[in-house]
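The values are calculated or read from the model by the stated rules, or taken from the named source; none is laboratory data. Predicted model only: the values in this text are computed from it and were never measured. No Cβ is skipped: glycine too gets one built from the backbone with ideal geometry, and neighbour counts run over all protein chains shown. Quick note on the areas: whole protein, heavy atoms, side chains included, nothing else; ligands and nucleic acids left out. Shrake-Rupley method; radii C 1.70, N 1.55, O 1.52, S 1.80 Å.
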Amino acid sequence: MTTSAVDSFLPEALQFHSSASLVDIGANLTHESFKRDLGDVIARAKAANVATLIVTGTDIEHANQAVAMAKQYPGIYATAGVHPHDASGWNADVACQLKALYQKREVVAVGECGLDFNRNFSTPHEQERAFEAQLALAAESGLPLFLHERDAGKRMCDILHSWREDISQAVIHCFTADRDTLHGYLDLDLHIGLTGWICDERRGHHLRSLVKNIPLERLMVETDCPYLLPRNLPAKLKGRRHEPALLPWIVREIAQWHDVTETELGNATTRTAQNFFRLGAET
């Protein structure tokens with residue numbers, strides 16, 4: 001696309017610009033919907049001052065795609081893991097390929113991995129087996145963990161408690177659970193990732209009363225694009241595909257409920273993400 005096409009893709013009301021440089025810690029840019037205009041999606045993110053993107057690797061194929069993307073575009077990094085939905089395919093070869101990926105400088109976290117007892121595309125037993133294997137890989141590599149949990153908070157806390165002295169840092173990506181689960185994670189010294197779920201009046205407004213319980217040094221922000229498009233955006237988006245350029249809107253929403261300014265929240269979450277993923281001065 002031309003520059004004008006990049007600029008005009010989003011309605012003017014959705015062309016945000018953050019006063020703070022932001023880190024989107026969970027962008028599924030390997031999703032098929034981004035194939036046709038990935039470069040423009042990244043350009044729009046930069047224009048919105050979303051300077052750093054952590055691209056989620058949910059299996060070997062997508063982790064390799066994320067690494068290739070990180071090699072091509074400045075400010076992009078990758079994670080590598082096996083999502084609980086795909087845990088039934090865990091085997092020694094997958095573990096070996098992940099170990100090799102963790103040697104690459106572009107890979108900054110183990111995951112997305114964890115437990116999902118909501119859909120159970122893989123059985124709970126298969127999920128726990130793959131999860132514990134990836135916890136072992138995280139302990140061995142020293143990399144932080146990028147974690148998925150849905151309807152499995154108690155079991156997740158139990159497993160992480162037994163591994164807490166062996167692993168480094170961990171973030172519960174796209175946190176959507178209740179107060180008790182949140183405090184269970186915070187008691188384990190985990191980080192919390194928040195998305196546009198907080199903008200969803202049907203199922204996410206309970207997060208508004210929880211936000212102030214998350215210390216800024218433990219909070220990070222993400223889109224989880226192309227999923228979880230905020231429902232309260234000030235204009236409609238053709239195709240309804242979420243993208244990193246909309247992260248400033250999520251930051252605005254979270255800042256309101258944390259009772260800080262957007263700039264304060266943006267700067268704090270960026271510092272937290274830089275430290276967590278060990279990005280140093282590269283962002």
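Among GLY153, GLY26, GLY39, whose mean-square fluctuation peaks in a Gaussian network model of the chain (Cα, cutoff 10 Å)?
Of GLY153, GLY26, GLY39, the most mobile in the Gaussian network model is GLY39.
Please give me, ordered by residue number, the GluC sites (Glu not before Pro) of the stretch 94-194 that lie in loop per DSSP and have at most 14 other Cβ atoms within 10 Å.
When the GluC sites (Glu not before Pro) of the stretch 94-194 are filtered for loop state and at most 14 Cβ neighbours within 10 Å, GLU165 remain.
Just the number please: accessible area per residue for the stretch 17-277, 1.4 Å probe, all protein chains included, in Å².
That works out to 40 Å² for each residue.
Restricting to the chain, what percent of DSSP beta bridges are antiparallel, rounded to 5?
Percent antiparallel among DSSP bridges in the chain is about 0.
Quick check: at a probe of 1.4 Å, how many percent of the accessible area of the chain sits on carbon and sulfur atoms?
Its accessible area is 48 percent carbon and sulfur atoms.
Please compute the net charge surrounding GLY81, taking Lys and Arg as +1 and Asp and Glu as -1 over other residues with Cβ under 10 Å from its Cβ.
That sum, taken over residues with Cβ under 10 Å, equals -3.
What accessible surface, in Å², does a 1.4 Å probe find on LYS71, ignoring ligands, DNA and RNA and rounding to the nearest 10?
The accessible area of LYS71 comes to roughly 130 Å².
Please work out how many pairs of lysine residues in the stretch 17-277 are eight or more positions apart (or on different chains) and have Cα atoms closer than 24 angstrom.
For the stretch 17-277, the number of qualifying lysine pairs is 11.
Rg/Rh for the stretch 114-243 to two decimals, with Rh computed the Kirkwood way over all alpha-carbon pairs.
Over the Cα atoms of the stretch 114-243, Rg/Rh equals 0.99.
Which loop-located chymotrypsin sites (Phe, Trp or Tyr not before Pro) does the stretch 173-250 contain, where loop means any DSSP state but H, G, I, E or B and the Cβ has at most 16 other Cβ atoms within 10 Å?
Loop-located and lightly packed - TYR227.
Measure nothing but the geometry: give the 0 to 90° angle between the long axis through the Cα atoms of 262-276 and the longest principal axis through the Cα atoms of the chain, rounded to 10°.
For 262-276 against the chain, the angle is about 30 degrees.
May I ask for the angle, rounded to the nearest 10°, between helix 247-258 and the longest principal axis of the chain, with both axes built from Cα atoms and the value confined to 0 to 90°?
80
Ignoring everything except DSSP H segments at least 4 long, calculate the 222 nm mean residue ellipticity for the chain; use -39,500 (n - 2.57) per segment, divide by total residues, nearest 500.
The helix contribution divided over the chain gives -11500 deg cm²/dmol.
Using r as the Cβ-Cβ distance of LEU216 and GLU165, and R0 as 25 Å, what FRET efficiency do you calculate, to the nearest 0.05?
E(calc), rounded to 0.05, equals 0.45.
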